[in-house]
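The values are calculated or read from the model by the stated rules, or taken from the named source; none is laboratory data. From a predicted model like this one, the values you see are computed outputs, not experimental measurements. Glycine gets a Cβ as well: all are built from the backbone with ideal geometry, and neighbour counts include every protein chain shown.
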Amino acid sequence: MGSKVGAPEKLIVNGKRLDGRKLNEMRKMDIKIGVIPNADGSSMVTLGGTKVICSVYGPKEVLPRRNLDTEQAFLNCVYGMASFSTPERVRPGPNRRSTEIGKVIADALAPAIFMEKYAGSEITIIMEVINANAGTRTAAINAASVALADAGIEMRDLVCSIASGKADGQLMLDLFEAEDNFGEADMPLAVLPRTKEITLLQMDGMLSTAEIKKLTDMSMKACEELYKLQKKALQEKYETEKDASE
Amino acid sequence: MTEKIHIKDKEIVVPGALLAEGLEYLPSGRAFRDGENIYASTIGLISIKGRVIKVIPLAGKYMPKRGDVIVAKINGFGKFGWTLEIDSPYKIDLNVGEISMNYIDLKTNKLSDYFKIGDYVFGEITDITESGYMSLTAKRRPYRKLVNGNIIKVGPTKIPRIIGKQGSMINMLKDMSGCEILVGQNGLIWISGEAEKESKAAEAIKLIERESHLSGLTEKVKSMLEGK
């Protein structure tokens with residue numbers, strides 16, 4: 001994957017990764033709810049060096065009208081990267097990559113939402129990557145999941161997402177930038193934690209069937225942790241208000 | 001089959017949270033059944049009454065139902081009526097025949113003699129067709145055009161708390177503030193009275209909106225309206 005120019009000699013030193021994590025350890029995730037007061041629901045997710053702000057608007061009137069679907073809601077997912085989010089400037093505005101990721105995220109979130117209850121309306125989810133350090137689409141899915149819940153949209157379940165991959169011949173969870181750029185494979189995954197239904201599974205690089213199975217198990221376990229984090233963040237929003245009034 | 005309840009009364013739950021197992025319990029409000037279990041579908045507050053497990057939503061937009069009483073804003077003109085804005089994904093129509101018991105002849109009267117854009121009306125949703133077409137009636141009392149007064153906006157999920165049990169909260173607000181108050185289920189509230197009293201009532205409503213998921217609210221609102 002990618003060019004090897006500027007690659008560190010080794011990605012694993014004494015059984016530990018370059019940022020000091022174990023192989024099956026993910027970066028610290030921080031979830032903040034209600035960061036954008038003008039949106040119906042919003043969140044900010046920090047996963048190590050990756051930072052994503054998500055805002056949800058709706059259900060609202062479908063504009064333009066040609067997107068109207070009388071059977072189910074129209075889910076409009078916009079993924080974007082801020083021009084300052086990477087060391088090299090990103091040209092602002094939609095591009096091939098961001099359009100594709102927006103579409104993939106919409107497909108990952110749709111099974112969790114009661115789409116038929118919002119027939120003839122539109123739900124807009126805007127995800128902006130403020131700082132990119134690998135795993136932006138998985139962070140964006142986690143952010144969208146809690147922002148949708150914050151907006152009070154009826155859902156079957158929250159959606160949890162994490163990437164896993166292979167670098168230096170070892171399978172590992174939640175790659176960071178160096179591992180993503182100079183490793184062998186990267187596999188983002190999103191899951192509905194209640195039914196264990198996988199709603200997003202992509203892979204970039206080379207992996208054997210056995211390796212994919214191992215990585216899936218690893219990600220599933222991490223998603224259980226993520227579900228607890230999402231739940232805690234959502235409940236905290238109302239519980240801190242409770243404390244403040246007492 | 002095992003019957004088991006996983007939550008306590010007044011607990012805050014998130015979408016997809018397991019509330020109870022077994023067919024003994026019944027879902028209500030924002031709870032749904034999947035197989036034999038009951039789950040929550042929005043972030044909400046649990047209320048358990050016997051076998052019924054209810055999830056009271058803490059957030060969300062207004063979704064119209066037939067029979068809802070709402071406060072709507074005139075947004076545009078049609079040939080025989082107006083289109084209204086109700087702070088929801090759907091638009092609603094008000095026909096000229098639905099605003100008065102008397103016959104209105106459009107040959108001699110203009111639509112703008114009755115409502116102008118930006119006016120508010122208090123009415124009831126009479127019909128929603130499958131294709132999403134909705135109509136409003138403001139013929140009978142207490143439905144009418146809202147003149148004077150102020151409109152304030154609250155989250156539609158907080159309306160049951162503002163009205164209270166059998167209207168206890170709203171009646172107290174009306175009595176103690178001395179204002180006329182009309183509550184629309186879409187989250188728009190019309191208050192009319194002396195300027196000072198109006199702002200006091202609005203303040204009290206905002207307090208209810210902020211702390212709707214907490215207990216002891218009636219006392220708090222009472223002391224707020226009494227003080228000063």
Looking at this structure, is A:Thr199 in a helix (DSSP H, G or I) and at pLDDT 95 or above?
-> no
Residues (on the phi > 0 side of the Ramachandran plot and assigned to a strand (DSSP E or B)) located in the range B:7-43 | B:Gly29
Which residues, counting only those in the range B:145-197, are surrounded by 16 or more Cβ atoms within 10 Å (Cβ to Cβ) and either of a type in the set (Lys, Arg) or without any contact (Cβ under 8 Å) to a residue 12 or more places away in the chain (or both)?
-> B:Lys158, B:Arg161, B:Lys174, B:Lys197
B:Ala72 fails exactly one of (1) within 11 Å of another protein chain (Cβ to nearest Cβ); (2) surrounded by 21 or more Cβ atoms within 10 Å (Cβ to Cβ), namely (1)
Scope the range B:81-129; condition at pLDDT 90 or above, of a type in the set (Val, Ile, Thr) and loosely packed, with under 11 Cβ neighbours inside 10 Å; matching residues = B:Thr108
Check on A:Leu189, out of contact with any Leu (no Cβ under 8 Å at 6 or more places or on another chain), surrounded by 15 or more Cβ atoms within 10 Å (Cβ to Cβ), more than 11 Å from chain B (Cβ to nearest Cβ) and at pLDDT 95 or above = no
Taking the condition crowded, with 24+ Cβ neighbours inside 10 Å, small (Gly, Ala, Ser) and in a strand (DSSP E or B), does A:Ser161 pass?
-> yes
Leading residue by the ranking (farthest from A:Leu173 (Cα to Cα)) among those in the range A:1-45 that are among the charged types (D, E, K, R) and surrounded by 15 or more Cβ atoms within 10 Å (Cβ to Cβ) = A:Asp40
Subset of the range A:107-117, residues buried (at least 19 other Cβ atoms within 10 Å of the Cβ) and either more than 14 Å from every other protein chain (Cβ to nearest Cβ) or touching a Lys or Arg at 6+ places or on another chain (Cβ under 9 Å) (or both), comes to A:Ala108, A:Ala112, A:Ile113
Answer residue from the range A:92-126, given it is modelled with pLDDT of 95 or more and basic (Lys, Arg) and is farthest from the chain's Cα centre (by Cα) among those | A:Arg96
Checklist (1) touching a Phe, Trp or Tyr at 6+ places or on another chain (Cβ under 9 Å); (2) loosely packed, with under 15 Cβ neighbours inside 10 Å applied to A:Thr50, failing item | (2)
Across the range B:44-64, what is the total count of residues that are more than 12 Å from every other protein chain (Cβ to nearest Cβ), part of a loop (DSSP other than H, G, I, E, B) and touching a strand residue (DSSP E or B) at 6+ places or on another chain (Cβ under 7 Å)?
-> 1
When the range B:142-180 is examined, which residues are found to be modelled with pLDDT of 90 or more, under 21 Å from B:Lys197 (Cα atoms) and hydroxyl-bearing (Ser, Thr, Tyr)?
-> B:Ser168
Tally of residues being under 14 Å from B:Ser168 (Cβ atoms) and touching an Asp or Glu at 6+ places or on another chain (Cβ under 9 Å) across the range B:198-219 = 1
Pick from the range A:165-196 the residues that are over 15 Å from A:Glu211 (Cα atoms) and part of a strand (DSSP E or B): which of them is nearest to the chain's Cα centre (by Cα)?
-> A:Ala190
Looking at the range B:75-99, which of the residues that are in a loop (DSSP other than H, G, I, E, B) and of a type in the set (A, V, I, L, M) is farthest from the other protein chains (Cβ to nearest Cβ)?
-> B:Ile99
